[in-house]
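Beneath this line is the structure, given in structure tokens, with notes to follow.
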Amino acid sequence: MLTNKQKEYIRNAEHRYNIKIGATRSGKTYLDIIYTIPQRIRERSGKDGLYVIMGVSRGTIERNVLEPLRERFGNNLVGTINTSNIARIFGEQVYCLGAEKVNQVSKIRGSSIKYCYCDELAEYNEEVWELLKSRLDKPYSCLDATLNPESNTHWLKMNFLDTIEEKGIDAYVQTYTIFDNEFLDETFVKNLCKEYEGTIYYNRYILGQWCNAEGLIYTRFANNPKKYAWKKKKQDGSYDLPEGITVIGIDYGGTKSGQAFVCTRISNDYKTIITLGSERHTGDIDPVDLEELEIEFAKKMKYKYNCEIDYMLPDNEEVVLIRGLKRKVQELNWNTLVRGCVKEPIKDRINCGRTMISYDIFYYIEEECRTFEDALSSALWDEKAKEDTRLDNFTTDIDTIDAWEYSWCRYMRNINDMINRRRLEE
């Protein structure tokens with residue numbers, strides 16, 4: 001069964017560029033899996049040029065495109081990506097390339113592309129897009145793309161979409177709202193609307209509109225921090241925490257910013273994320289003193305919650321400081337692993353943190369997290385930035401937010417998967 005929007009796309013998407021913009025879960029990618037990609041590949045079989053599937057990364061291509069194709073058509077028709085970045089799909093060789101950096105797509109330089117599918121186009125580097133356009137040089141060359149809208153000043157909107165009519169570009173552009181998918185469960189839609197209410201994500205992910213980020217980032221938390229205070233205690237007065245791992249994220253600041261530590265308990269089922277404590281230190285601090293501050297904070301958390309610190313995850317760019325902390329932990333004979341943190345894109349971290357708050361899986365220990373509460377309540381979008389960016393002009397405490405994100409970023413995919421299951425269940 002197809003929605004009216006999907007049927008409209010099948011009727012009209014016969015141009016060089018065919019682009020679907022709009023809400024999450026509105027059926028954009030589903031249509032491409034069951035119809036568009038197989039049809040385009042078969043139509044161009046035997047013709048000159050390359051087949052290309054592009055995504056933000058090789059991993060997102062596998063997750064968003066190849067896995068769904070494989071589930072529908074089977075392993076024989078949809079293969080895996082080999083070391084040459086090629087997958088055999090419907091009997092054809094298809095290049096599967098990440099688009100976050102120009103050097104990732106160097107393989108298509110000088111080659112004609114007969115068909116290109118772009119997943120999450122708004123996430124690409126603009127130079128990659130310009131390279132793609134120059135390679136669609138056959139009379140039958142064609143590109144299909146899906147994306148969620150971003151800011152009004154996004155390069156794709158300003159430099160391509162807004163110029164289609166003026167330049168006479170052969171393109172078909174379709175916009176979706178979440179309400180265009182008649183097959184979505186009404187309760188799911190209601191819950192998603194409630195989750196995004198009052199944020200830029202409502203405009204983008206529900207209504208499919210381009211809009212700029214402005215104001216508070218974590219509005220729901222800032223309006224009522226006490227709602228998220230963890231209050232469960234045992235009979236002896238200590239906090240009753242879920243079974244899981246305890247992680248300390250560490251952000252190293254410069255002379256104008258600070259050194260921030262945030263300790264987080266992540267439950268084994270990823271359904272409860274609790275910020276256990278936070279500290280921030282400013283001023284000139286030498287590496288030896290910094291190590292002492294880190295160790296004292298870890299000892300405080302161990303004593304306060306009677307737990308082991310499973311991981312300490314500092315800013316992965318500070319290799320020397322990480323090495324010193326690792327040596328200090330080894331001298332104490334702690335069973336704690338020290339390694340550089342994982343840094344997912346900032347807006348992905350913001351979206352995950354905001355979603356944890358919306359779905360009430362996030363909590364914090366109020367009396368141990370004063371710096372954290374202040375940082376999260378005052379985090380602002382940078383309204384002058386062309387893309388979604390946190391305001392980072394030393395007027396707000398970005399250091400503590402970075403440390404908080406470092407403490408759970410390694411497990412972000414697990415957390416997002418759990419939240420997606422919750423959405424479907426509710």
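The values are calculated or read from the model by the stated rules, or taken from the named source; none is laboratory data. All values reported here derive from a predicted model rather than from experimental measurement. Every residue, glycine as well, gets a Cβ built from its backbone with ideal geometry; the counts of neighbours run over all protein chains shown.
Key figures
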quantity: Residue within the stretch 1-14 that is in the same structural domain as ILE169 (by TED's automatic domain parsing), small (Gly, Ala, Ser), crowded, with 19+ Cβ neighbours inside 10 Å and more than 30 Å from ARG423 (Cα to Cα) present; calculated: yes
quantity: Filtered residues of the stretch 239-282 (kept if in contact with a Phe, Trp or Tyr (Cβ under 8 Å, 6 or more places away or on another chain), surrounded by fewer than 20 Cβ atoms within 10 Å (Cβ to Cβ) and more than 29 Å from ARG422 (Cβ to Cβ)); calculated: LYS256, SER257
quantity: Matching residues, the stretch 305-324, being out of contact with any helix residue (DSSP H, G or I) (no Cβ under 9 Å at 6 or more places or on another chain) and within 16 Å of GLU294 (Cβ to Cβ); calculated: ASP310, GLU318, VAL319, ILE322, ARG323
quantity: Every residue from the stretch 15-39 that is crowded, with 23+ Cβ neighbours inside 10 Å and of a type in the set (D, E, K, R); calculated: LYS20, LYS28, ASP32
quantity: Where PRO314 falls short, out of the listed (1) under 27 Å from LEU391 (Cβ atoms); (2) out of contact with any Leu (no Cβ under 7 Å at 6 or more places or on another chain); calculated: (2)
quantity: Matching residues, the stretch 57-108, being farther than 22 Å from ASP137 by Cα, of a type in the set (Val, Ile, Thr) and crowded, with 17+ Cβ neighbours inside 10 Å; calculated: THR60, ILE61, VAL65, VAL78, ILE81, ILE89
quantity: Single unsatisfied condition, THR396 versus (1) touching a residue at least 40 places away in the same chain (Cβ under 8 Å); (2) farther than 19 Å from ASP360 by Cβ; calculated: (1)
quantity: Matching residues, the stretch 360-382, being more than 20 Å from the chain's Cα centre (by Cα) and of a type outside the set (Ser, Thr, Tyr); calculated: ILE365, GLU366, GLU367, GLU368, CYS369, ARG370, PHE372, GLU373, ASP374, ALA375
quantity: Strands (runs of 3 or more DSSP E) wholly inside the stretch 256-341 containing at least 2 residues that are touching a Ser or Thr at 6+ places or on another chain (Cβ under 6 Å); calculated: 259-267, 273-281
